[in-house]
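Since the structure comes first, as structure tokens, the remarks are kept for the end.
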Amino acid sequence: MIIARPAPRTRIRLARLKPARLALHAFLILMVAGWLFPLLWAIYTALRPLADTTLHGYYSWATSLGLSNFTNVWTEAQLPYFYWNTLVIVVPGVILTLLIASMVAFALTQFSWKFNLIVLMLFTAGNLLPPQVIIIPLYRLYLSIPIPIEFLSDNGLLYDQYIGIILIHVVFQTGFATFVLSNYMRTITREITESALVDGANVLRIWWSVILPLCRPALAAMATLLFTFMYNDFFWALILMKSGDKRPIVSALNNLQGAFFTNYNVVAAGALLAAVPPILVYIALQKHFVRGLTLGATKG
């Protein structure tokens, strides 16, 4: 039996490839370690008692680990209450954003009209504007717009209200959601819409009963992203809400800082607990999330 041996040039290439591959693996390991280090350090800090940290310092080996910081921040900081505040803001914000963005994307992709490209550019151009640019005018606007509906605003204004934070999230996220959903809806042939029109269905019926069921993967992917974006917001809730008991959980972590002392062990525990819901949402929608991101990119 004759065993073929690689040519000299092939052996040289393999010899050169091995150090390069080792260097690549070493680089990737270092990048992963650098990315995971803050998370691991937060877990280590959250499990460490304050007394041990005070005695030995933050940059030292812990003599004991426990869950006391998690129980303290859960009860004393009233995290369940701030979880509820977050749901009051995030769930309506995600639903409104998906409804508006899907309507606009449906009109832009399933119908040919004169200004569809201009409308898409206007919706997506808002994402290029840094939020910090409009802090002062938006702050004054929220202090001047009256809201006569009592259950939406107890002070008659948008400032320091849930509806104000919901609206700012919807405005800023609708452009991105419209861009993504319009790219996905272009993969749906217009013959489906035209057939539904011939059968007598109105535009609203086609959008709700025909297009949206076909866009479930894209909607699930966008819902995951929007939930993460709105849930992790710290900036707008801190600027547009003065009442600490109304803030969502990410901004409420700022309440754990004291005037003269901050227990970073408790802050780390609160931050880890605050990060749990987005992880659970991603795990629940992971299948649809991956499918929604890939289908729109592969269909022509």
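Distance in nm between label sites at HIS56 and ILE283, each 7 Å beyond Cα in the beta-carbon direction?
Calculated label separation equals 3.0 nm.
If you bin the C-alpha pair distances of the chain every 20 Å from 0, what whole percents do you get?
Reading the bins upward from 0: 24, 45, 25, 6, 0.
When the dipole is taken about the Cα centre of the chain, and only Lys, Arg (+1) and Asp, Glu (-1) are charged at their Cβ, what size is it in debye, to the nearest 20?
Dipole of the chain, to the nearest 20 debye: 1920 debye.
Grab the DSSP H runs of the chain that are 4 residues or longer, score each as -39,500 (n - 2.57), total them, divide by all residues and round the 222 nm result to the nearest 500 deg cm²/dmol.
Roughly -22000 deg cm²/dmol at 222 nm, from the helical runs in the chain.
Note down, for segment 175-225, the three equivalent ellipsoid semi-axes (square root of 5 times each alpha carbon gyration tensor eigenvalue), biggest first, whole angstrom.
22, 11, 9
Taking the dipole about the Cα centre of the chain, with the C-beta of Lys and Arg at +1 and of Asp and Glu at -1, give me whichever of LEU253, ILE147, VAL104 is farthest to the positive side.
Ranked along the dipole, the leading option is VAL104.
What ³J(HN,Hα) values, in whole Hz, does the Karplus curve 6.51 cos²θ - 1.76 cosθ + 1.60 give for segment 162-174 when θ = phi - 60°, with x put for Gly and Pro?
After applying 6.51 cos²θ - 1.76 cosθ + 1.60, I find 4, 4, x, 5, 4, 5, 5, 5, 4, 5, 7, 9, 5 Hz.
Starting from the Cα coordinates of segment 124-238, work out the convex hull volume and express it per residue in Å³.
Considering the Cα atoms of segment 124-238, their hull volume per residue is 141 Å³.
Which of HIS25, HIS169, HIS56 comes first, and how do the rest follow, when ranked by fewest Cβ neighbours within 10 Å?
Going from sparsest to densest Cβ surroundings: HIS25, HIS56, HIS169.
What residues qualify as long-range amide H neighbours of LEU157, i.e. H under 5 Å apart, gap of 5 or more or another chain, H built at 1.01 Å from N?
Under 5 Å from the amide H of LEU157 lie the amide H atoms of ILE147, each far enough along the sequence or on another chain.
In which sequence would PHE37, PHE82, PHE179, PHE151 go, from the one with the fewest C-beta neighbours within 10 Å to the one with the most?
PHE151, PHE37, PHE179, PHE82
Sorting ASP52, ASP245 on the 10 Å Cβ count, fewest up front, what's the list?
ASP245, ASP52
For LYS242, give me every one of the aspartates and glutamates with a C-alpha distance below 13 angstrom, ignoring sequence neighbours fewer than eight places off in its own chain.
Within reach: ASP160.
Provide the three semi-axes, in whole Å and in decreasing order, of the ellipsoid equivalent to segment 77-151 as defined by the square roots of 5 times the Cα gyration tensor eigenvalues.
31, 19, 14
Could you tell me what fraction of 2.2 N^0.38 Å the Cα radius of gyration of segment 107-191 comes to, as a two-decimal ratio?
Relative to the 2.2 N^0.38 Å estimate, segment 107-191 comes out at 1.42.
Any idea what % of Cα-Cα pairs in segment 185-296 are farther than 22 Å?
55
Output wanted: per-residue J couplings in Hz (rounded whole) for segment 199-206, from phi through Karplus 6.51 cos²θ - 1.76 cosθ + 1.60, θ = phi - 60°, x for Gly and Pro.
Each residue's phi maps through the Karplus curve to give 6, x, 6, 7, 5, 5, 5, 5 Hz.
Taking trypsin sites (Lys or Arg not before Pro) as candidate sites, keep only those in a DSSP loop with at most 15 other Cβ atoms within 10 Å, then name the longest stretch of the chain containing none of them.
115-241
What are the extents of the Cα atoms of segment 24-102 along their three principal axes, in Å, largest first?
Here the spans come out as 53, 46, 15 Å, largest first.
Over the Cα atoms, compute the radius of gyration (one decimal) and Dmax (the largest Cα-Cα distance, rounded to a whole number) for segment 39-191, in Å.
23.0, 72
Read the figures in this text as sums done on the coordinates, not as results from a lab. The structure presented is a predicted model; accordingly, all values stated were derived computationally and were not measured. Because the Cβ atoms are built from the backbone with ideal geometry, glycine has one as well, and the counts that use them run over all protein chains shown.
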